[in-house]
Amino acid sequence: MSTTSPTGWQDPESVRFMLDDCETWAVVGLTDNPARTAYSIAELLQQRGKRVVPVNPDGVEVLGETGYRTLADVPFPIDVVDVFRRSEAAGEFADQAVAVGARAVWFQLGVVDEAAFERTVAAGVPMVMDTCPAIEWRARG
């Protein structure tokens, strides 16, 4: 199976690893706007026991968690970098995730960057894209 197929992008073991074994999720694009999808997914992550780390240009606090301007500014280990950016801007965050030692990368529903996927997986970091934790948790029943 090609790793660039949608199935490869949503490898069940990578999804399981992130949802079950990873606790600290840096959410790129998370702001204090409750109307945005990133906010509702961050709330879901918290409800599921995950620590949410907002990463946004203003470094604003969201959902009671300190915000940071960049992934490099986060002063503790990150398990998953969850990216809410357009596909053409998302790849740089996969590269930054690898650079800061994140254990995994998740590109949200509709976010696809094949080259970033290939680079990230080649660096030994599991990555999924074009799906959402809410969808994946629902699929489990």
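Coordinate-derived values only; no laboratory data. This one's a predicted model, so the numbers in the text were calculated from it and none came from an experiment. Note that each Cβ is placed from the backbone with ideal geometry, even for glycine, and that neighbours are counted across all protein chains shown.
Give the angle, between 0 and 90 degrees and rounded to the nearest 10, that separates the Cα long axis of helix 87-100 from the longest principal axis of the Cα atoms of the chain.
Approximately 80 degrees, to the nearest 10.
Quick one: Tyr68, Tyr39, fewest Cβ neighbours within 10 Å first, how do they rank? Intermediate values should be presented prior to the final figure.
Numbers: Tyr68 18, Tyr39 21.
So the residues, fewest neighbours to most, are Tyr68, Tyr39.
Pick from Glu118, Glu92, Glu23 the residue whose mean-square fluctuation is largest in a GNM of the chain, springs joining Cα atoms under 10 Å.
Looking only at Glu118, Glu92, Glu23, the largest GNM fluctuation is found for Glu92.
Only sites in a loop by DSSP and with at most 15 other Cβ atoms within 10 Å count here; which trypsin sites (Lys or Arg not before Pro) in segment 80-133 make the cut? Mind showing how you got there, number by number?
Values: sites: Arg85, Arg86, Arg103, Arg119; in loops: Arg85, Arg86, Arg103.
Sparse-neighbourhood loop trypsin sites (Lys or Arg not before Pro): Arg86.
Give me the distance between the Cα centres of segment 6-27 and segment 42-120, rounded to whole Å.
Distance between centres, Cα-based: 13 Å.
Net charge near Arg16: determine it from the other residues with C-beta under 11 Å of the C-beta of Arg16, scoring Lys and Arg +1 and Asp and Glu -1. Don't skip to the answer; put the middle values down first.
Values: positive: Arg140; negative: Asp11, Glu13, Asp20, Asp21, Glu136.
My count for the surroundings of Arg16 gives -4.
Using Cα pairs under 8 angstrom and six or more residues apart, how large is the relative contact order of the chain, in percent?
Numbers: 261 pairs, mean separation 33.6, N = 141.
Relative contact order here is 24 percent.
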